[in-house]
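See structure below.
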Amino acid sequence: YSIDDFVVFQADNHELTPEEIQSETLNRILKSDVVYVYNPEGYVGRTTCYEIGVLRTTTIPLIFLEKPKDLPIQVLSCEIMKPPKLIFSLLNDKRFCGGNERILIEKSKSKNDMRSKNIVICGSMAFYNEMLEIANYLKRNGVSVVIPKEESMEKETLSDEEFNDFKRKVSNQYLGKIRDSSTYAILVLNKEKKGISNYIGANTMVEIAMAFCWGRTIYLLDDYYAPLIDELIAWRAICLKRNLNVLIENYKNDKYALTNESSFASEIDGQIELGD
């Protein structure tokens, strides 16, 4: 049935409003390894257009049943597959079968090209000086880095109300950087603070949750923060234990894979379609 042209499926929670159903659906989509758009005869509805727009800001591969009509985005031939061909392609992609990698859909031709990817550094502003040191080290090793704005001057010169307004705006902007398609991963500086090992504060946890929601890799400079260990393990956070070279190697390996393996997409596009 439908509510104001919003279709409610049998599998949906009928106790939720259309807005709540859409939000729940989008959250599931953003946690996916690959999204398949079922669009017979090329039709794409308004809600699906919205979901596609959100997905285009992420690195999640998007595959269509048929070439979409009236959709103002570029859709490559390798992104159009019948179900048998999609299954065959996924099962034969060793990177995807490993469970921790996404299939490659000609990344070199998309906005998600690793050549433009950044590492966003997160953590308590008490660690700001070390953020600068780590950022410089990563840059010297070929990693593009984004760090937060230093707040000490504003804290000294603004009233409490003005500073809270400033911090709210800065936090919102920084969360936007994590969501941005130019972001590859976040690096959390979770040093000891106030005698607490591997400390992660409330604001930093929000940034980690945002990274998880948008499919960004999560690196912890030290080890798991004990009060959040279940969530961090479930979200596949990687503990560096201060070995930044692990991050650098992963970054460069992924960059190589996403900018030099476009031939893989051609192989997918040229696969013989399986029979129904």
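The values are calculated or read from the model by the stated rules, or taken from the named source; none is laboratory data. Since the model is a prediction, treat every value here as computed from it, not as a measurement. We place every Cβ from the backbone using ideal geometry, glycine too, and count neighbours over all the protein chains shown. Protein only, heavy atoms only, side chains kept; ligands, DNA and RNA dropped before computing areas. Shrake-Rupley method; radii C 1.70, N 1.55, O 1.52, S 1.80 Å.
Results, tabulated for the structure shown:
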| quantity | calculated |
| --- | --- |
| Residues of region 189-198 satisfying the condition of being surrounded by 16 or more Cβ atoms within 10 Å (Cβ to Cβ) and in a loop (DSSP other than H, G, I, E, B) | Asn190, Lys191, Asn198 |
| Restricting region 18-29 to residues that are among the polar types (S, T, N, Q) and open to solvent by less than 40 Å² (accessible area, probe 1.4 Å), the residue that is nearest to Cys78 (Cα to Cα) | Thr25 |
| Residue within region 30-48 that is open to solvent by 20 Å² or more (accessible area, probe 1.4 Å), aliphatic (A, V, I, L, M), in a loop (DSSP other than H, G, I, E, B) and within 17 Å of Thr217 (Cα to Cα) present | yes |
| Members of region 199-226 that are open to solvent by less than 40 Å² (accessible area, probe 1.4 Å) and more than 19 Å from Ile119 (Cβ to Cβ) | Gly201, Tyr225 |
| Selection from region 120-165 of residues that are of a type outside the set (D, E, K, R), open to solvent by 40 Å² or more (accessible area, probe 1.4 Å) and farther than 18 Å from Asn243 by Cβ | Met125, Ala126, Asn129, Leu132, Ser144, Ile147, Ser152, Met153, Thr157, Leu158, Ser159, Asn164 |
| Output for region 66-81, where each listed residue is out of contact with any Ser or Thr (no Cβ under 9 Å at 6 or more places or on another chain), assigned to a loop (DSSP other than H, G, I, E, B) and of a type in the set (D, E, K, R) | Glu66, Lys69, Asp70 |
| Search result, residues across region 251-266 that are within 20 Å of Pro61 (Cα to Cα), at pLDDT 80 or above and open to solvent by 30 Å² or more (accessible area, probe 1.4 Å) | Asn253 |
| Which numbered condition Trp235 fails, given (1) within 24 Å of Leu55 (Cα to Cα); (2) in contact with a Phe, Trp or Tyr (Cβ under 9 Å, 6 or more places away or on another chain); (3) open to solvent by less than 50 Å² (accessible area, probe 1.4 Å); (4) not polar (S, T, N, Q) | (3) |
| Looking only at region 49-89, and only at residues there that are more than 30 Å from Ala209 (Cβ to Cβ) and polar (S, T, N, Q), the one that is least open to solvent (accessible area, probe 1.4 Å) | Ser89 |
| Spans of helices (runs of 4 or more DSSP H) in region 82-144 with at least 3 residues modelled with pLDDT under 90 | 83-91, 94-97 |
| Single residue of Ile229, Ile186, Ile248 found to be aliphatic (A, V, I, L, M), in a helix (DSSP H, G or I) and surrounded by 15 or more Cβ atoms within 10 Å (Cβ to Cβ) | Ile248 |
